[in-house]
Amino acid sequence: MMRALIGDVPQWMRPSHPMLRHELGKMPRRAFWGRLWYAFVGVFILAVLIGAGYLTATGFLTHAAGQTLVESINHIAYFPLIFIQFGARIMAFTMTADVVGEEMRRQNWDNLRATASGADIALRARWFAVFYRLRGIIGLILVTRVILIGMILYELTAFQGRFIDLLIFGIVPEVPLAAAVLLLSFVMTAALLLPFTGIAFDAALGLLVSAYVHRRTFSTLAQFLIMLVRGAITLVLLLAATAYLDGSLTLSDPLAWLLMLVFGGTGDWGGAYLLLSRFAEVWATVPYGIFLGLALIGFALLQAALADRVLHLAVRRAQRG
């Protein structure tokens, strides 16, 4: 499937490669009852998150979750999606943040470094294995986003298909209907790309930490501090974006546009913009807000490039010891 989408891939990205097969072999093999228990726990946690999302959306049962069914589903799903996405980023980071130290403690690192491209392929294989290990969570994130995108498409049929005409009326700048539809499609595309690029970047960042910090105690401390910073950034962006849209935070137009971009790119991976009425509010409030979808595509591509660069730096640093 990957070859069909992006063409031929490097050898180390193929499950048949010995190093990647070795990494995947570290994944626990659960018996039937173990898998059943694991599925039960997953369903239970998901149910708790949905319940928390419902309480959050209804203000702890003080009002309706939304004015329409689409709005209600989006509001209920938003909190669980934020929580799961944040967990995915943290797991991607922690899965790679002690790779070098782990191999050193096993006395394997010198052998890897002595082998041609051994350390390079070992780190890249661990980085890519993160996507295999998180495939269930990634799948859940993508399925939820596809459902939300489907609801956007459903909303576009309202008012005899003229709903988007009403939403773009009076925005700055005025754009033709065809351009508005295209720019909206960029938001949907970015919402599907950002989970991959975000996880890729955090996994690469974990490798960079492992290349510099080898001792387990210091590695754990570094992981804790970075997770704390990550959580603080996400929370600040969420609160700032909500406050701005509620009118309780005043910003200049350029700062507001930048806040909406960074919030969508790294705060919630564009999840807030998968509710058409909310995104239309951004269009009406922030000049040139309708171009945020295009900017988020650029953000995703930049994040992918940064992930590749950070991965390269981690490999170079680890090879030097």
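The values are calculated or read from the model by the stated rules, or taken from the named source; none is laboratory data. Worth saying up front: this structure is predicted, and the values here are computed from it rather than measured. We place every Cβ from the backbone using ideal geometry, glycine too, and count neighbours over all the protein chains shown.
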Residue pairs within 9 Å by beta carbon, gap of at least six or interchain, first lying in the range 161-175 and on the phi < 0 side of the Ramachandran plot and in contact (Cβ under 8 Å) with a residue 12 or more places away in the chain, second among the charged types (D, E, K, R) and part of a loop (DSSP other than H, G, I, E, B), listed first then second, are 168/174
Residue hits (the range 137-167; under 28 Å from the mean Cα position of the chain (by Cα) and β-branched (Val, Ile, Thr)) are 137, 138, 141, 143, 144, 146, 147, 149, 152, 164
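Residue by residue, here is whether (1) surrounded by 16 or more Cβ atoms within 10 Å (Cβ to Cβ); (2) part of a loop (DSSP other than H, G, I, E, B); (3) among the small types (Gly, Ala, Ser); (4) at pLDDT 90 or above holds:
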| position | (1), (2), (3), (4) |
| --- | --- |
| 3 | no, no, no, no |
| 8 | no, yes, no, no |
| 33 | no, no, no, no |
| 46 | no, no, no, yes |
| 50 | no, no, no, yes |
| 61 | no, yes, no, yes |
| 65 | yes, yes, yes, yes |
| 70 | yes, no, no, yes |
| 85 | yes, no, no, yes |
Being touching a residue at least 60 places away in the same chain (Cβ under 8 Å) and either over 30 Å from residue 104 (Cβ atoms) or out of contact with any Asp or Glu (no Cβ under 7 Å at 6 or more places or on another chain) (or both) is the requirement here; does residue 243 meet it? no
_Looking for something surrounded by 16 or more Cβ atoms within 10 Å (Cβ to Cβ), at pLDDT 95 or above and among the charged types (D, E, K, R) - is there at least one such residue anywhere in the range 121-131?_
no
Of those in the range 56-75 that are more than 23 Å from the chain's Cα centre (by Cα) and hydroxyl-bearing (Ser, Thr, Tyr), the residue farthest from residue 156 (Cα to Cα) is 62
Exactly one of 178, 158, 211, 191 is of a type in the set (Gly, Ala, Ser), at pLDDT 90 or above and under 20 Å from residue 277 (Cβ atoms), and that residue is 191
Listed by range, helices (runs of 4 or more DSSP H) wholly within the range 164-269 having at least 2 residues that are of a type in the set (Lys, Arg) are 216-246
Hey, residue 110 of a type in the set (Asp, Glu) and surrounded by fewer than 18 Cβ atoms within 10 Å (Cβ to Cβ) or not: yes
Restricting attention to the range 154-163, the residues that are in a helix (DSSP H, G or I) and exposed (fewer than 13 other Cβ atoms within 10 Å of the Cβ) number exactly 4
Residue 79 surrounded by 17 or more Cβ atoms within 10 Å (Cβ to Cβ), closer than 21 Å to residue 222 by Cα and among the aromatic types (Phe, Trp, Tyr):
no
**Message:** Within the range 214-222, does at least one residue satisfy the condition of being without any contact (Cβ under 8 Å) to a residue 12 or more places away in the chain, farther than 25 Å from residue 94 by Cα and of a type outside the set (Lys, Arg)?
**Reply:** no
- Condition met for residue 120 (without any contact (Cβ under 8 Å) to a residue 60 or more places away in the chain and either in a helix (DSSP H, G or I) or among the β-branched types (Val, Ile, Thr) (or both)): no
Selection from the range 93-115 of residues in contact (Cβ under 8 Å) with a residue 12 or more places away in the chain and of a type in the set (Phe, Trp, Tyr) yields 93
Flagged in the range 257-294 as more than 25 Å from residue 69 (Cα to Cα), surrounded by fewer than 22 Cβ atoms within 10 Å (Cβ to Cβ) and among the aliphatic types (A, V, I, L, M), in numbering order, are 258, 259, 261, 262, 294
